[in-house]
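Okay, so here's the structure we're looking at.
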Amino acid sequence: TLVFRSSTGDWGSWVDALENIGPGFGKPHNENFKDMQVFDDHLCGGTWNEIDGAEVWCTSDGKNWLQKNISGFGEANNAIIWSGHIFDNQLYFGVQNFGKTEGQGHGRLYRTKSLEGDPTWEEVFRTEPGIPWGNILGDINGQLYISVPTKEGLLVFRSSSGDPGNWEIANFPGFDHNPENNAVLADGAAFYNENLYLG
C-alpha cells in the first residue's frame, strides 16, 4: 500500500506519506489501507495482510508511523480490516477472519479506548462461522450500527455501548425478507439530515 498527502490538493503538492518507513509500512504484504480515522490526535487506518494478519498503523505527525496492534490482533487469520469508526470515545475496526478451514471465516469487531503505548484491543462482536465479515455503518441516536451478510439477507445490528453481548438486530433480514439484499459495503453508509442511509 502507498499513502500520499497534500496540504492544498494542488498539482505537484502530493508527497509520499510513507517515505520514512517505506511502502506497506515497511511490509510488502500490507496490500491496502482502509477507512482511516482520526482518534487520540492520531490518523489511523487498517491494512489487508494475508501473511501476518491485519495491522493498525497510526501517525501523530503525518510522517512517522507506528503499528498500534499485534498483527492480526494476535491471530493471523484476522487478515483484512474493512471498516473503522469512532463511537463513545473509542476506536473500532471491523475485521475479516478467514477461518482455519474453507467456509468457516467470520467477521469480528475490535475496539480500543486509547492509543497510548501498546493499546489493548477488545473483541466486542463476532459473526457466525461462514459469515466472513461485517461492516461498521456509523452511529445515530446513541447507537452504533454494523451490517452482517447472511443467506437470508443482510442483518443490521446495533448497540448503545458496543459491549460484548449488548447487540440487537435492528431490521428484518434483507430489510424486506429479500435475500438478494445481502450486504452493505464499508463505504455504503452515511449520516445525513438526521437519518442513517445504507446502500
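Conditions tested, residue by residue: (1) open to solvent by less than 60 Å² (accessible area, probe 1.4 Å); (2) assigned to a loop (DSSP other than H, G, I, E, B); (3) farther than 17 Å from Asn78 by Cα; (4) not hydrophobic (A, V, I, L, M, F, W, C).
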position: Gly9; (1), (2), (3), (4): yes, yes, yes, yes
position: Gly12; (1), (2), (3), (4): no, yes, yes, yes
position: Glu19; (1), (2), (3), (4): no, yes, yes, yes
position: Phe25; (1), (2), (3), (4): yes, no, yes, no
position: Met36; (1), (2), (3), (4): no, no, yes, no
position: Gly46; (1), (2), (3), (4): yes, no, no, yes
position: Cys58; (1), (2), (3), (4): yes, no, yes, no
### Summary
Checked the range 71-92 for anything closer than 15 Å to Asn30 by Cβ and free of Cβ contacts under 8 Å to residues at least 40 places away in the same chain; matches are Ser71, Gly72, Ala76, Asn78, Ala79
## Note on the structure
The lone condition Tyr92 fails out of (1) within 23 Å of Pro164 (Cβ to Cβ); (2) hydroxyl-bearing (Ser, Thr, Tyr); (3) open to solvent by 20 Å² or more (accessible area, probe 1.4 Å) is (3)
### Test result for Asp10, over 23 Å from Ile86 (Cα atoms), of a type in the set (Asp, Glu) and in contact with a His (Cβ under 8 Å, 6 or more places away or on another chain)
no
### Message
Kindly evaluate Ile169 against the criterion of being modelled with pLDDT of 95 or more, crowded, with 21+ Cβ neighbours inside 10 Å and touching a Phe, Trp or Tyr at 6+ places or on another chain (Cβ under 7 Å).
### Response
no
## Note on the structure
Over the range 98-116, the set of residues at pLDDT 95 or above and either buried (at least 21 other Cβ atoms within 10 Å of the Cβ) or not acidic (Asp, Glu) (or both) is Arg108, Leu109, Tyr110, Arg111, Thr112, Lys113, Ser114, Leu115
### Message
I need the full set of residues from the range 60-73 which are in a loop (DSSP other than H, G, I, E, B) and open to solvent by 60 Å² or more (accessible area, probe 1.4 Å), in order please.
### Response
Ser60, Asp61, Lys63, Asn64, Ile70
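The values are calculated or read from the model by the stated rules, or taken from the named source; none is laboratory data. Given the structure is predicted, the values throughout are model-derived calculations rather than measurements. All Cβ positions, glycine included, derive from the backbone under ideal geometry; neighbour counts span all protein chains shown. Heads up: the accessible areas ignore ligands, DNA and RNA and are worked out on the full protein's heavy atoms, side chains in. Shrake-Rupley method; radii C 1.70, N 1.55, O 1.52, S 1.80 Å.
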